[in-house]
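K.L.:
The structure is given below, and queries will be raised subsequently.
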Amino acid sequence: MQLSSHPGLRADQTAVGLDIGGTKTHGIRLQGNDVVAEAVSGSANVQNVSREQARQNLAEIFAALGTGQVTRVVAGSGGVDTQEDAAALRSLIQEHVPDAEVSVVHDTRLILAAGETPAGIGLIAGTGSVAWGMDGSGTQARSGGWGYLLGDEGSAYWIGREAVRHTLRLHDLGQEPDRLAAELLLAVGVPSPEMLIARFHAEAGRRYWASMARVVFEAAEEGHGPSRSIVATAARDLAGLVADVAAQLDIRGPVVIGGGIGVHQPLLQDLLQAGLSARGLADIRFLSQDPVFGVRYLLGAGAA
């Protein structure tokens with residue numbers, strides 16, 4: 001799953017970068033160091049969608065980006081935990097660009113690359129969660145990223161699920177819905193807490209419940225105690241993932257943070273930064289560009 005040692009793209013060379021997440025695929029077409037096309041489709045991660053659906057979503061991306069003259073493809077994807085995982089994804093991509101060199105890396109590698117650092121720790125705090133790192137010698141380590149049934153602690157899905165659990169707990173105790181519970185019921189569109197159970201186990205899926213994290217953040221920003229507690233626990237768990245990787249690699253950063261809630265939720269950022277600083281991790285960077293643009297760094301175009 002390592003990139004080969006290329007000095008980067010020449011101005012006359014064309015590459016495609018892919019960031020394949022649990023809910024979407026973000027692609028760019030590079031002409032030398034310039035982004036000349038960009039597209040988004042559904043997830044092509046076969047741990048989240050069927051192989052046929054992944055194939056269709058990749059076809060949509062490549063139709064938008066174009067396949068002509070593409071010499072390299074760099075794809076970062078969740079669920080790439082073994083060489084077999086990487087080979088399976090590579091074969092799906094190669095269907096569209098049979099003559100291109102295709103490299104597959106874990107999607108957290110794109111986070112670190114988008115932060116334009118050759119070594120450090122990348123944290124994804126989005127629909128799911130995972131930390132991945134690499135030291136100066138190339139040794140890698142990770143923590144989390146097991147999927148929503150086994151982990152994804154601190155993720156948007158986890159936060160949305162905790163809001164549901166909080167609402168049901170109040171109901172079981174015979175208490176009226178509080179600020180968070182009332183706002184969640186309104187957002188989901190059900191009149192009573194007990195109806196949340198069937199709704200949660202229906203076909204809405206991870207992305208839907210991850211979107212409910214916004215209800216928690218809104219309540220937390222306005223001082224709602226239980227909501228702030230949920231966000232604080234999420235920050236603690238995310239910091240723990242980073243600390244695990246830091247300990248395995250014996251490095252102190254930098255820590256590059258991406259993912260929807262990692263980039264867009266100030267309260268979580270503040271708590272996460274405080275938690276990481278308390279662990280001696282002071283060089284903390286929140287991404288200002290989408291992870292897929294890290295492909296330019298991985299290819300060597302614009303790298304220091």
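The values are calculated or read from the model by the stated rules, or taken from the named source; none is laboratory data. Because the structure is a prediction, the values reported are computed rather than measured. Quick reminder, even Gly has a Cβ in these numbers, built from the backbone with ideal geometry, and neighbours come from all protein chains shown. Note: accessible area is taken over every heavy atom of the protein model, side chains too, but ligands, DNA and RNA are not part of it. Shrake-Rupley method; radii C 1.70, N 1.55, O 1.52, S 1.80 Å.
K.L.:
Dipole of the chain, Cα-centred, from +1 at each Lys and Arg C-beta and -1 at each Asp and Glu C-beta, to the nearest 20 debye?
P.N.:
Working: 23 positive and 33 negative charges, 25 e Å.
About 120 debye.
K.L.:
Send over the per residue convex hull volume for region 169-277, Cα only, as a whole number of Å³. Before the final figure, lay out each step's value.
P.N.:
On the way: hull volume 13.7 nm³, N = 109.
Given the Cα convex hull of region 169-277, per-residue volume reads 125 Å³.
K.L.:
For region 53-132, what percent of Cα pairs sit more than 20 Å apart? Working shown, then result.
P.N.:
Working: 1253 of 3160 pairs.
So the pairs more than 20 Å apart make up 40 percent of the total in region 53-132.
K.L.:
Would you mind computing Rg(Cα) / (2.2 N^0.38 Å) for region 1-141, counting N as its residues?
P.N.:
That ratio works out to 0.99.
K.L.:
Through the Karplus equation 6.51 cos²θ - 1.76 cosθ + 1.60, θ set to phi - 60°, convert the phi angles of region 192-197 into ³J(HN,Hα) values in whole Hz; use x for Gly and Pro.
P.N.:
With the stated coefficients, region 192-197 comes to 9, x, 4, 6, 5, 4 Hz.
K.L.:
Nearest 10 degrees is fine. How inclined is helix 83-94 to the longest principal axis of the chain, computing both from alpha carbons?
P.N.:
70
K.L.:
Please give the helix 266-278 orientation as an angle from the longest Cα principal axis of the chain, in degrees from 0 to 90, rounded to the nearest 10.
P.N.:
80
K.L.:
If you don't mind, another one. Using Cα centres only, tell me the gap between region 33-95 and region 243-304 in whole Å.
P.N.:
A separation of 24 Å, based on Cα centres.
K.L.:
Helix 51-65 sits at what angle to the longest principal axis of the chain, using alpha carbons and giving 0 to 90 degrees rounded to 10?
P.N.:
60
K.L.:
Still on this structure, I have one more. Just the Kirkwood number for region 78-216, please: inverse of mean 1/r across all distinct Cα pairs, in Å, one decimal. Provide the component values of the computation, followed by the final result.
P.N.:
Details: mean 1/r = 0.0571 Å⁻¹.
Roughly 17.5 Å, rounded to one decimal.
K.L.:
For the chain, what D do you get in µm² per second when you plug the Kirkwood radius from alpha-carbon pairs into Stokes-Einstein at 25 °C and 0.890 mPa s?
P.N.:
On the way: Rh = 20.0 Å.
Estimated diffusion coefficient is 123 µm²/s.
K.L.:
What value, in deg cm²/dmol to 500, does the helix sum -39500 (n - 2.57) over DSSP H runs of n ≥ 4 give at 222 nm once divided by the residues of the chain? Could you put the intermediate results ahead of the total?
P.N.:
Numbers: 12 runs with 133 residues, N = 304.
Roughly -13500 deg cm²/dmol at 222 nm, from the helical runs in the chain.
K.L.:
Lys and Arg at +1, Asp and Glu at -1: add these up for the other residues within a Cβ distance under 13 Å of L149 and post the number. Show your work: numbers first, answer last.
P.N.:
Working: positive: R161, R206; negative: D152, E153.
Once all neighbours under 13 Å are counted, the net charge is 0.
K.L.:
Could you state how much accessible area Y297 has, in square angstrom rounded to the nearest 10, with a 1.4 Å probe and all protein chains kept in place?
P.N.:
Accessible area, nearest 10 Å²: 40 Å².
K.L.:
Counting only C-alpha contacts under 8 Å and six or more residues apart, can you give the relative contact order of region 57-127 as a whole percent?
P.N.:
33
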